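Down below is the structure, laid out as structure tokens.
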Amino acid sequence: MEIFEIVFGQGISLAKMLWNSSFFTFIKFLLAIYTLVLLANLIMLLMLRGLGKDIRKDRYGADMPVAYKKTTQKQWLSVERHLSGHSSQDWKIAVLEADTIVEGILSKVGFTGENFRERVESVHPDSLEKREELLRAHSVRNDIIKDSTYVLEKKDAQEIVQIYEEFLKDWDAL
């Protein structure tokens, strides 16, 4: 048993000496560079293959164009500006604009349907968790369009716009 301990201890000492030698330090350095190059190649291949598009398509059931996010953010600033207004007309415009943005997203990603309701209903339930809330928000939009005397309180407008905003954030469009 004592011989084994001596041999094992000397083996460990030899391994430590080799591990800390200049030669192995140089090998470790080369392996680190090689690993970084392999990682960079893997990332570039995934980008060329369009993995981001595949992930978005799996998540939403359709491809959400990344470039569309900036456009949506610019449009959303107008919604926020109207929502912070002091009149019912401003709040109504905020709801109408938010609905238009969401409808544009739904049609841009290719969901079928002739109108908002049909497009929302064509989305897979796993991709759209708050379907009923979105349809309720759209029905408020319809009430605003159909009835020029429709009274919209600021609190209600904020709630409706919040529904649209959550949809856009869930879909990485905002």
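Which residues, counting only those in region 130-150, are of a type in the set (A, V, I, L, M, F, W, C), under 14 Å from Ala94 (Cα atoms) and under 27 Å from the mean Cα position of the chain (by Cα)?
Keep residues of region 130-150 that are of a type in the set (A, V, I, L, M, F, W, C), which gives 134-135, 137, 140, 144-145.
Narrowing further to those that are under 14 Å from Ala94 (Cα atoms): 137, 140, 144-145.
Listed by number, the residues that qualify are Ala137, Val140.
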Practice task
Could you tell me whether Arg81 is farther than 12 Å from Ala173 by Cα, among the basic types (Lys, Arg) and within 23 Å of the chain's Cα centre (by Cα)?
Solution key: no
Problem - Complete set of residues in region 104-125 that are over 27 Å from Lys70 (Cβ atoms) and within 18 Å of the chain's Cα centre (by Cα) - result: Pro125
Practice task
Write out, first by first residue and then by second, each pair whose Cβ atoms fall under 9 Å of each other, whose residues are 6+ apart or on separate chains, and whose first residue, in region 60-78, is surrounded by 14 or more Cβ atoms within 10 Å (Cβ to Cβ) while the second is of a type in the set (Asp, Glu) and modelled with pLDDT under 60.
Solution key: Asp63/Asp54
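Within region 75-122, restricting attention to residues that are among the hydrophobic types (A, V, I, L, M, F, W, C) and part of a loop (DSSP other than H, G, I, E, B), which residue is modelled with the lowest pLDDT?
First pass over region 75-122, keeping only residues among the hydrophobic types (A, V, I, L, M, F, W, C): 76-77, 79, 83, 91, 93-96, 98, 101-102, 105-106, 109, 111, 116, 120.
Going one step further and asking which of them are part of a loop (DSSP other than H, G, I, E, B), we end up with 109, 111.
Details: Val109: 73, Phe111: 76.
Of everything passing the filter in region 75-122, Val109 is modelled with the lowest pLDDT.
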Exercise for the section: Being of a type outside the set (A, V, I, L, M, F, W, C), in a helix (DSSP H, G or I) and surrounded by 10 or more Cβ atoms within 10 Å (Cβ to Cβ) is the filter here, so list the residues in region 12-48 that pass it. Expected result: Ser13, Lys16, Thr25, Lys28, Tyr34, Thr35, Asn41
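The values are calculated or read from the model by the stated rules, or taken from the named source; none is laboratory data. As the structure is a prediction and not an experimental result, all values here were calculated from the model. Positions of Cβ are backbone-derived with ideal geometry, glycine not excepted, and every protein chain shown enters the neighbour counts.
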